[in-house]
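The values are calculated or read from the model by the stated rules, or taken from the named source; none is laboratory data. Fair warning: this is a prediction, and the values are worked out from it, not measured in the lab. All Cβ positions, even for glycine, are placed from backbone atoms using ideal geometry, and neighbour counts span all protein chains on display. All accessible areas refer to the heavy atoms of the entire protein, side chains included, with ligands and DNA or RNA removed. Shrake-Rupley method; radii C 1.70, N 1.55, O 1.52, S 1.80 Å.
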Amino acid sequence: MSEKILTALPVFNEESHIRPVLEEVARYSPEILVVNDGSSDGTAAVLSEIEGIHVVTHEQNRGYGAALDSAFQFAMQNGYDVLVTIDCDGQHQPQLIPELAKAVFHSEGAPWDIVSGSRYLQIFDENSIPPADRRKINVSITEQLNNCFDLNLTDSFCGFKSYRVESLKHFEITELGYAMPLQFWIQAVGHNLKIREFPVPLVYLEEERSFGGSLDDSRRRMAYYQSVLKREMEAQNVPCGSNTRS
């Protein structure tokens, strides 16, 4: 494809993983952005030794949503056509980057605004079993979004996505942590963006990852997610059941 593509990785304290991950990503992506979200280990030093990548640094840790928003801003400011986001924890497979990027500007009809990876759209041989509490919350939130807004999602939390960069101007990200995807989906609905899913393997390597403080309790995390959904639906004036999609 002739479009200008950027692959972005949000990272926080990934000193031991970042070099091999970037080496693999570089095999499949022409340009790479790393958003170093206030890492306090040796991540910055490792990044300084790697040539040919773009780096945006947050002096303090601001959160996963803030890192993605920095990637959005960089892609818009530097004239890219497609942004692919991929996590640095080994859960995503870089060899899928070209296909995921290509899916935005497909050969038939208008381009997609969001091509969202789904770990539950197809069964792969390498699939693992997700932590029960995460899967339960994902199912519940995904069903809620589908029922409210006539979406057809199977995975509302996957970080492996491609975006038509022109569509990123519609997003105003203020939810800086792990609840950012909920704000993202509500704003996508509010702007009637064109969305499809893309099957990716289900791989969990860090089942004990912390969400931060009280959010490690799944009941509190779910309650917080519900508060973010409610707030964002009110802010975007897209209440549950509104017929906003064409």
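Share of carbon and sulfur in the accessible area of the chain stands at 47%, probe radius 1.4 Å.
Could you list, in their original order, any pairs among Lys169/Lys230; Lys194/Lys230; Lys102/Lys194; Lys161/Lys230; Lys161/Lys194 whose Cα atoms are separated by more than 18 Å? Too far apart for the 18 Å limit: Lys169/Lys230; Lys194/Lys230; Lys161/Lys230. Protection proxy ranking, highest mean first, for peptides 137-144, 193-200, 9-16: 9-16, 193-200, 137-144, where packing is the per-residue count of other beta-carbon atoms within 10 Å, averaged. Beta bridges per DSSP, both residues in the chain: antiparallel share near 25 percent. Modelled this way, with points 7 Å down the Cα-to-C-beta line, the labels at Lys169 and Glu24 are 3.6 nm from one another. Normalising the average separation of contacting C-alpha pairs (under 8 angstrom, six or more residues apart) by the number of residues puts the relative contact order of the range 1-142 at 27 percent.
GNM on the chain, alpha-carbon springs under 10 angstrom: the most fluctuating residue among His92, His106, His58 is His106.
Once you order the gyration tensor axes a ≥ b ≥ c over the Cα atoms, which shape class does the chain get: rounded for a/c under 1.5, otherwise prolate or oblate by comparing a/b with b/c? The shape class here is rounded. Shape class of the range 1-133 from the alpha-carbon gyration tensor: oblate, with a/c at 1.5 or above and b/c at least as large as a/b. Applying a 4.7 Å Cβ-Cβ cutoff to the chain leaves Cys88, Cys158 as cysteine residues with no disulfide-compatible partner. Going 7 Å from the Cα of His17 in the Cα-to-Cβ direction, what parts of the range 80-95 have a backbone nitrogen less than 11 Å from that spot? Within reach of a label on His17: 87-92. On the beta carbon distance between Asn152 and Ser218, with R0 = 30 Å, the FRET formula returns roughly 0.70.
Accessible area per residue for the chain, computed on protein heavy atoms with a 1.4 Å probe, is 47 Å². Each Lys and Arg Cβ is given +1 and each Asp and Glu Cβ -1; about its Cα centre, the range 7-109 then shows a dipole of about 160 debye. The amide H of Val34, built 1.01 Å from its N in the peptide plane, has Leu9, His54, Val55, Val56 as neighbours under 5 Å, considering only residues 5 or more places off or on other chains.
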